[in-house]
């Protein structure tokens with residue numbers, strides 16, 4: 001099986017949450033080979049709700065822990081591409097990681113493995129069949145900054 005080229009380039013842009021609060025969106029570029037492979041048809045969204053500081057962002061300690069979790073997830077899925085993180089949303093009292101996965105069962109195993117070093121985390125997980133990558137396309141069209149800007 002040919003190994004997919006998965007880009008590791010990201011953009012960050014401000015957006016507005018449903019309640020009008022600031023949400024920082026971090027999106028992944030150059031995922032077209034993964035999209036076009038036809039293997040990553042399920043979207044998994046992992047949500048971490050937190051008590052927001054003024055402005056909707058997490059406090060410093062929570063933000064540091066979230067970054068540690070983020071690095072653990074990125075490292076795990078870089079080794080075994082059963083899932084690709086395509087977007088991270090932070091603001092309005094929650095952080096959301098969006099993954100497109102080739103196998104929900106393999107994702108579950110890898111996800112749990114990545115988070116083994118951490119104590120219990122306040123995470124909820126939602127999965128949906130999304131073979132057209134609708135969430136990613138919407139995020140990209142609404143937040144991606146052109147390289148010329």
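Each value in this text was obtained by applying a stated rule to the coordinates, not by laboratory testing. As the structure is a prediction and not an experimental result, all values here were calculated from the model. Note that we place each Cβ from the backbone using ideal geometry, even for glycine, and neighbour counts take in every protein chain shown.
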Rounded to the nearest 0.05, what FRET efficiency do residue 53 and residue 125 give with R0 = 22 Å and r taken as the Cβ-Cβ distance? Could you check?
-> 0.30
Within the set 28, 137, 95, GNM on the chain using Cα springs under 10 Å gives the largest fluctuation to 137
List 125, 24, 88 from most exposed to least, where exposure is judged by having the fewest other Cβ atoms within 10 Å.
-> 125, 24, 88
So what is the orientation-averaged projected area of the stretch 40-140, using the convex hull of its C-alpha atoms, in nm²?
-> 6.4 nm²
Taking 0.36 nm per intervening residue step and subtracting the Cα-Cα distance, what contour gain separates residue 24 from residue 105 on full extension?
-> 26.2 nm
Dividing the mean separation of Cα pairs under 8 Å (6+ apart) by the residue count of the stretch 7-103 yields a relative contact order in percent of 36 percent
Give me 141, 37 ranked fewest to most by other Cβ atoms within 10 Å of their Cβ, as a rough exposure proxy.
-> 141, 37
Report the full-extension gain for the segment residue 64 to residue 142: residue separation times 0.36 nm, less the Cα-Cα distance, to one decimal in nm.
-> 25.3 nm
Most fluctuating residue given options 126, 50, 100, as computed from a GNM of the chain linking Cα atoms under 10 Å | 126
